[in-house]
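Read the figures in this text as sums done on the coordinates, not as results from a lab. Just so it is clear, the model here is predicted, and its values are computed rather than measured. Every residue, glycine as well, gets a Cβ built from its backbone with ideal geometry; the counts of neighbours run over all protein chains shown.
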Amino acid sequence: MKTKFLLPVLALVFATGMSFATANLNADPDNDYIERDGWEMIPEVTSCTPTEQACFGLSQSDGLVYRIYDTPDVNDPKEGNGTVQAVIP
């Protein structure tokens, strides 16, 4: 009797846990984004060391530092170590 109750409950717990572990399917693998007068697409930045902080890049065109995003959404920053790790156009 306990098995008939326990297995569906465990399946529900594991399914809920896996729903939080899915990858970002909206991320473009070839491009990243910065917010400079609106969203601007840049080539994929691969020099950021993924930790719990944001990735930043130094712009060659205006000399300013910008936060790099995986998608054009402020809630989706690219992971880095909180320092400038990339040079962006």
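Label positions at A54 and E79, each projected 7 Å from the Cα along the C-beta direction, are separated by 1.7 nm. Between amide H atoms placed 1.01 Å from N, distances below 5 Å from D32 occur with I42, E44, V45, all of them 5 or more places distant or on a separate chain. Loop-located GluC sites (Glu not before Pro) across the stretch 36-89 with a Cβ neighbour count of 10 or fewer within 10 Å are E52, with loop assigned by DSSP.
Helix-only arithmetic for the chain: the sum of -39500 (n - 2.57) across DSSP H runs with n ≥ 4, divided by the residue total, places the mean residue ellipticity at 222 nm at -7000 deg cm²/dmol.
Relative to the dominant Cα principal axis of the chain, helix 2-19 is inclined by about 10°. When Rg and the Kirkwood radius Rh are both evaluated on Cα atoms of the chain, their ratio Rg/Rh stands at 1.26. Each residue of the stretch 54-64 was assigned a 3J(HN,Hα) from its phi angle through the Karplus curve 6.51 cos²θ - 1.76 cosθ + 1.60 (θ = phi - 60°); the sequence is 7, 9, 10, x, 8, 7, 6, 7, 10, x, 9 Hz, with glycine and proline shown as x. Close amide-amide hydrogen proximity is noted between I88 and L58, S59, Q60, each under 5 Å apart and 5 or more residues distant or on a separate chain (H modeled in the peptide plane; Pro and chain starts excluded).
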